[in-house]
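Single-structure report; data block below.
Every number here is computed from the coordinates shown, using simple stated rules; none is lab data. Predicted, not measured: the structure shown is a model, and the values here were computed from it. Every residue, glycine as well, gets a Cβ built from its backbone with ideal geometry; the counts of neighbours run over all protein chains shown.
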2 protein chains.
Amino acid sequence: MPRRTSHEDASCPVARPLDAIGDGWSLLIIRDAFDGLRRFGEFQKSLGLAKNILSARLHSLVAHGLLHTVPASDGSAYQEYQLTSKGRALFPVLAALRQWSEEYFFEPDETRARLVDRGTGQPVAKVEIHSSDGRVLDPEDTVITMYRPADA
Amino acid sequence: MPRRTSHEDASCPVARPLDAIGDGWSLLIIRDAFDGLRRFGEFQKSLGLAKNILSARLHSLVAHGLLHTVPASDGSAYQEYQLTSKGRALFPVLAALRQWSEEYFFEPDETRARLVDRGTGQPVAKVEIHSSDGRVLDPEDTVITMYRPADA
DNA sequence: CCGTATCCATTCCGATACTG
DNA sequence: CAGTATCGGAATGGATACGG
């Protein structure tokens, strides 16, 4: 029996993107892309992975529409990898993940990389889930329901 | 050379939790836990994975402090798996991931599972990143900086 | 400098059988 | 029902060598 290879057809939005970013390196590549990295060598130096798998991950991210390649920038005949709008839209996810990790995976006195407001240098506000009318929602205040858009 | 086995010592909060939730199944188990699932068999039925790997994942999540086991609830001699506060704190991450996925991985007319306010039935508000004084921040408005807490 | 192709070691997953 | 133990196949990742 083949291994569970894909979540493409899952109706759950948590499952479906796992093919694109469910692997360990992809999220780190996206993080670096947000940080301004664009060149193959920059990613490789930052992440320290083998070139073949970096190549594979990059292609996968392009195939899933999170990155796209642009021809040059310096005269070279190579590619640069930039976030698409789909990739950029991961910003809140990454920010929430950062906050969760800082709170639960770091000792209070441990040095860490923080996401801050560029203008003020202050850390960004804690991500919260709100109702459509602005109340803060806890997990218990929410439910998962099936939504069938009318195909009018 | 050993494969990169762990991100435990990374100073980047994006990297460090990958050992705990970077694998494909863990996030889905957490999702199901938010959904109220607690028993081994419930998870297995929902996810359709082999019992040995479910067992391994569950143990890993317990070891990383996202789940904890409680003795019974019905008289049986078995365990139930519940989210810890650390696991519950993943709520905004999961919610942000859901929203991103719904927007970019589903066709507009495609049926999907949505996170809604239990009281009103309305979908939760879109997750945004705010500055400490309440402005909405785009990726460009932010920077990553190293933070060294004073060890007073 | 930017990749691609090949090889090898490790890991992971699924099925199955087994215990309580 | 709730797990554990074992096995085999598949996919992955790392190193390296090579080509543009």
Exercise for the section: Obtain the nm distance between the two label points defined at A:D141 and B:D9 by a simple spin-label model: each point lies 7 Å from its Cα along the Cα-to-C-beta direction. Expected result: 4.2 nm
Completion exercise
With Rh as the Kirkwood radius over Cα pairs, region B:39-87 has Rg/Rh of 0.97
Handout entry: Axial C-alpha extent at least 24 Å, average Kyte-Doolittle at least -1.0 - helices from chain B (DSSP)
Key = none
Problem - Largest-first principal axis extents, alpha carbons of chain A, Å - result: 53, 48, 37
Practice task
Diagonalise the Cα gyration tensor of the protein assembly as shown and give the resulting equivalent ellipsoid semi-axes, square root of 5 times each eigenvalue, largest first, whole Å.
Solution key: 30, 23, 23
Practice task
Quick one: with label points 7 Å out along Cα→Cβ, list the inter-copy distances for B:E140 in nm, shortest first?
Solution key: 4.3
Practice task
In whole Å, largest first, what are the principal axis extents of the Cα atoms in region A:1-87?
Solution key: 47, 27, 21
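Note down the net charge around B:L37, summing +1 for each Lys or Arg and -1 for each Asp or Glu among other residues with Cβ under 12 Å from its Cβ.
So the surrounding residues net to 0.
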Fill in the blank from the handout: Excluding near-sequence neighbours (fewer than 8 apart on one chain), the protein assembly as shown holds lysine pairs with C-alpha atoms under 29 Å apart numbering 10
Fill in the blank from the handout: In Å, the C-alpha Rg and Dmax of region B:54-113 are 16.1, 47
Practice task
Provide the FRET efficiency to the nearest 0.05 for the B:S132-A:T111 pair, computing r from the beta carbons and using R0 = 22 Å.
Solution key: 0.60
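What does the structure give for B:25-37 when I average, per residue, the other chain Cβ atoms found within 10 Å of the residue Cβ? Could the numbers behind the result be given before it?
Working: counts 3, 1, 5, 7, 0, 1, 5, 2, 1, 5, 4, 2, 0.
Mean partner-chain Cβ count within 10 Å for B:25-37: 3.
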